[in-house]
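Data block below; observations after.
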Amino acid sequence: MATTLDIARDNPNAQTIVASPQPIKVMSEDKPPLIGLSREELAEAMALVDVPEKQRRMRASQLWHWLYVRGVSDFSHMTNVAKDLRARLDEVFSIARPEMVDEQISVDGTRKWLFRFPARGAGRPVEVETVYIPEEGRGTLCVSSQVGCTLTCTFCHTGTQKMVRNLTSEEILAQVLMARDRLGDFPDATTPQGAIVPSEGRMVTNIVMMGMGEPLYNFENVKKALLIASDGDGLSLSKRRITLSTSGVVPEIFRTGDEIGCMLAISLHAVRDEDRDILVPINKKWPIKELLDACRNYPGLSNAKRITFEYVMLKDINDSNQDALELVRLLKGIPAKINLIPFNPWPGSQYACSDWERIEEFADIVNRAGYASPIRTPRGRDIFAACGQLKSASERMRKKDRDAATAAGTAA
């Protein structure tokens, strides 16, 4: 079951966990956001609040610092910006956070948040899940790129949720900002002379684009968000600590390395097209050979910048010794690490996790071939925060309500 263990207890900036906590200001749909804009766009936006042209780049730099170094969500905290300008900014723009609908904390310290974003255009408010995984010496934030997913991978719970829309660059970054708020990674905005938390003291040290959705089907927004996250004068995450995971959108793989420069992870999960066509249906469009050719051409690929191949262990499906040997053959010549992921069950799933002895034998074969093949320790299973389990709680509740209504109608 979930617990109220506070993993941020050793961080003096961390917020106290309370029931239904609210950020300082919650996003609304009536103001355009400044979060998610590039530096150039931020400077251009200053024209809308009558900042003289010669001052726009300077004002944009000030705002950038407050948004991504100080992490403020209220213009009133920007103490080195004139009051009248702060008032104009507040009238025109938003730097608010999404509503945090729910926060769950696993027995192993993993946190899962359900965030609600306001409606865009004629759409409705949407909800996504974001997961924080604390480990010794690091803290990894699993970020969503879409609401729902189009890929329908049969072992993945998110794939059972219909695609609603792409997240904007603001909404992707907002997940990082909210996590840092909750974990105390930002200095106290009310004491601007206070020390800024150093990078080595941060709770969020790594980002993985492995949450809800296929990030390469939302390339431009993901690119924009990750370039801001890795900006040295802002959130300042090393590109070596940012990993983008794709199910195999081959045309965008080279662009990922060339234009974003982050680490790459591939959701492989099978070594034969006939099996991967079922597990990862995008394989019908871009089969294994095309996918691995794209990996071999990934910009910057080296032993120091290896591609991670994710491989979920499914009992009697993809876990034989022959599968392990074929995996080694397929990856020959690609600097790679293979993450073996014990299948995380979810309601209605047709699969079972491979036996532990089978997983270890599979790993031994891959290790003997010279590839690192760590077996990923399942995290957050009790709160459905583990790999392949993400699906917004609101979607589950809506399905539960629909099922109950159907049952009531049948009984009547």
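The values are calculated or read from the model by the stated rules, or taken from the named source; none is laboratory data. Keep in mind the model is a prediction, meaning the values are calculated, not measured. Cβ coordinates were reconstructed from backbone atoms using ideal geometry, including for glycine residues, and neighbour counts include every protein chain displayed.
A quick yes/no check of all residues on (1) buried (at least 17 other Cβ atoms within 10 Å of the Cβ); (2) farther than 21 Å from Gly257 by Cβ; (3) of a type in the set (Gly, Ala, Ser):
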site	(1), (2), (3)
Leu292	yes, no, no
Val312	yes, yes, no
Asp316	no, yes, no
Gln322	no, yes, no
Leu325	no, yes, no
Val328	yes, yes, no
Gly333	no, no, yes
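Quick check, is Glu91 assigned to a helix (DSSP H, G or I) and farther than 21 Å from Arg180 by Cα? I'd like the intermediate steps shown before the answer.
Numbers: assigned to a helix (DSSP H, G or I): yes; farther than 21 Å from Arg180 by Cα: yes.
When the stated conditions are applied, Glu91 passes them.
Counting just the residues of region 181-232 that are at pLDDT below 95 and part of a helix (DSSP H, G or I), which one comes out surrounded by the fewest Cβ atoms within 10 Å (Cβ to Cβ)?
Taking the candidates together, the pick is Glu200.
Within region 233-261, track down each residue that is in contact (Cβ under 8 Å) with a residue 60 or more places away in the chain, under 30 Å from Gln62 (Cα atoms) and either in contact with a His (Cβ under 8 Å, 6 or more places away or on another chain) or buried (at least 22 other Cβ atoms within 10 Å of the Cβ) (or both).
Residues satisfying the conditions are Asp233, Gly234, Leu235.
What is the number of the single condition among (1) closer than 26 Å to Ala352 by Cβ; (2) over 20 Å from the mean Cα position of the chain (by Cα) that Leu292 does not meet?
(1)
Please verify whether region 19-29 includes one or more residues that are surrounded by 17 or more Cβ atoms within 10 Å (Cβ to Cβ), of a type in the set (A, V, I, L, M, F, W, C) and at pLDDT 95 or above.
Taking region 19-29 first, the residues surrounded by 17 or more Cβ atoms within 10 Å (Cβ to Cβ) are 23, 27.
Filter once more, so that each one left must be of a type in the set (A, V, I, L, M, F, W, C): 27.
This time we only want the ones that are at pLDDT 95 or above, so: none.
No: zero hits.
Being touching a strand residue (DSSP E or B) at 6+ places or on another chain (Cβ under 7 Å), in the same structural domain as Glu127 (by TED's automatic domain parsing) and modelled with pLDDT under 80 is true for just one of Arg396, Arg379. Which residue is that?
Of the residues listed, the single one that is touching a strand residue (DSSP E or B) at 6+ places or on another chain (Cβ under 7 Å), in the same structural domain as Glu127 (by TED's automatic domain parsing) and modelled with pLDDT under 80 is Arg379.
With the requirement that a residue be part of a loop (DSSP other than H, G, I, E, B) and in contact with a Leu (Cβ under 8 Å, 6 or more places away or on another chain), what does region 285-311 give you? Write out each step before concluding.
Going through region 285-311, the residues part of a loop (DSSP other than H, G, I, E, B) turn out to be 285-287, 297-301, 303-304, 306.
Result: Tyr298, single match.
Considering only residues that are touching a Lys or Arg at 6+ places or on another chain (Cβ under 7 Å) and buried (at least 19 other Cβ atoms within 10 Å of the Cβ), look in region 30-50 and name the one that is farthest from Asn221 (Cα to Cα).
Among residues in region 30-50 that are touching a Lys or Arg at 6+ places or on another chain (Cβ under 7 Å) and buried (at least 19 other Cβ atoms within 10 Å of the Cβ), the one farthest from Asn221 (Cα to Cα) is Met46.
Within region 233-262, how many residues are farther than 29 Å from Met203 by Cβ, in contact with a helix residue (DSSP H, G or I) (Cβ under 8 Å, 6 or more places away or on another chain) and charged (D, E, K, R)?
Summing the residues that are farther than 29 Å from Met203 by Cβ, in contact with a helix residue (DSSP H, G or I) (Cβ under 8 Å, 6 or more places away or on another chain) and charged (D, E, K, R) in region 233-262 gives 2.
Can you tell me which residues in region 60-73 are in a loop (DSSP other than H, G, I, E, B) and either surrounded by fewer than 16 Cβ atoms within 10 Å (Cβ to Cβ) or among the small types (Gly, Ala, Ser) (or both)?
If we filter region 60-73 for residues that are in a loop (DSSP other than H, G, I, E, B), which is where we start, we get 71-73.
Answer for region 60-73, where residues must be in a loop (DSSP other than H, G, I, E, B) and either surrounded by fewer than 16 Cβ atoms within 10 Å (Cβ to Cβ) or among the small types (Gly, Ala, Ser) (or both): Gly71, Ser73.
Residue by residue through region 80-104, note down the ones that are surrounded by fewer than 17 Cβ atoms within 10 Å (Cβ to Cβ), modelled with pLDDT of 95 or more and touching a Pro at 6+ places or on another chain (Cβ under 9 Å).
Passing the criteria: only Val92.
In region 262-284, which residues are surrounded by 17 or more Cβ atoms within 10 Å (Cβ to Cβ) and in a loop (DSSP other than H, G, I, E, B)?
Taking region 262-284 and keeping what is surrounded by 17 or more Cβ atoms within 10 Å (Cβ to Cβ), we get 262-271, 275-276, 279-280, 282-283.
Answer for region 262-284, where residues must be surrounded by 17 or more Cβ atoms within 10 Å (Cβ to Cβ) and in a loop (DSSP other than H, G, I, E, B): Cys262, Leu268, His269, Ala270, Val271, Val280.
Among the residues of region 114-122, are any at pLDDT below 90, more than 22 Å from Glu171 (Cβ to Cβ) and in contact with an Asp or Glu (Cβ under 6 Å, 6 or more places away or on another chain)? Quick ask: steps written out before the conclusion?
Taking region 114-122 as the starting set, the residues that turn out to be at pLDDT below 90 are 119-122.
Pick out the ones that are also more than 22 Å from Glu171 (Cβ to Cβ) and you get none.
Checked region 114-122: no residue is at pLDDT below 90, more than 22 Å from Glu171 (Cβ to Cβ) and in contact with an Asp or Glu (Cβ under 6 Å, 6 or more places away or on another chain).
Take the conditions within 28 Å of the chain's Cα centre (by Cα), assigned by TED's automatic domain parsing to the domain that holds Ala265 and touching a residue at least 60 places away in the same chain (Cβ under 8 Å) and apply them to Leu327. Does it pass? Explain how you work it out, then say what you get.
Working: within 28 Å of the chain's Cα centre (by Cα): yes; assigned by TED's automatic domain parsing to the domain that holds Ala265: yes; touching a residue at least 60 places away in the same chain (Cβ under 8 Å): no.
No, not satisfied.
Pick from region 335-378 the residues that are hydroxyl-bearing (Ser, Thr, Tyr) and either more than 23 Å from Asn297 (Cα to Cα) or surrounded by fewer than 19 Cβ atoms within 10 Å (Cβ to Cβ) (or both): which of them is nearest to the chain's Cα centre (by Cα)? If you could, list the steps in order and put the result at the bottom.
Pass one, region 335-378, residues hydroxyl-bearing (Ser, Thr, Tyr): 349, 351, 354, 371, 373, 377.
This time we only want the ones that are either more than 23 Å from Asn297 (Cα to Cα) or surrounded by fewer than 19 Cβ atoms within 10 Å (Cβ to Cβ) (or both), so: 349, 351, 354, 377.
Working: Ser349: 23, Tyr351: 25, Ser354: 26, Thr377: 19 Å.
Of everything passing the filter in region 335-378, Thr377 is nearest to the chain's Cα centre (by Cα).
Each row is one residue, and each column tells you yes or no for (1) surrounded by fewer than 21 Cβ atoms within 10 Å (Cβ to Cβ); (2) more than 12 Å from Gly211 (Cα to Cα).
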residue: Gly121; (1), (2): yes, yes
residue: Val126; (1), (2): no, yes
residue: Glu129; (1), (2): no, no
residue: Thr154; (1), (2): yes, yes
residue: Lys162; (1), (2): yes, yes
residue: Val176; (1), (2): no, yes
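Report, by residue number, each residue of region 277-287 that is closer than 17 Å to Leu216 by Cβ and of a type outside the set (Phe, Trp, Tyr).
Filtering region 277-287 for residues closer than 17 Å to Leu216 by Cβ gives 280-287.
Passing the criteria: Val280, Pro281, Ile282, Asn283, Lys284, Lys285, Pro287.
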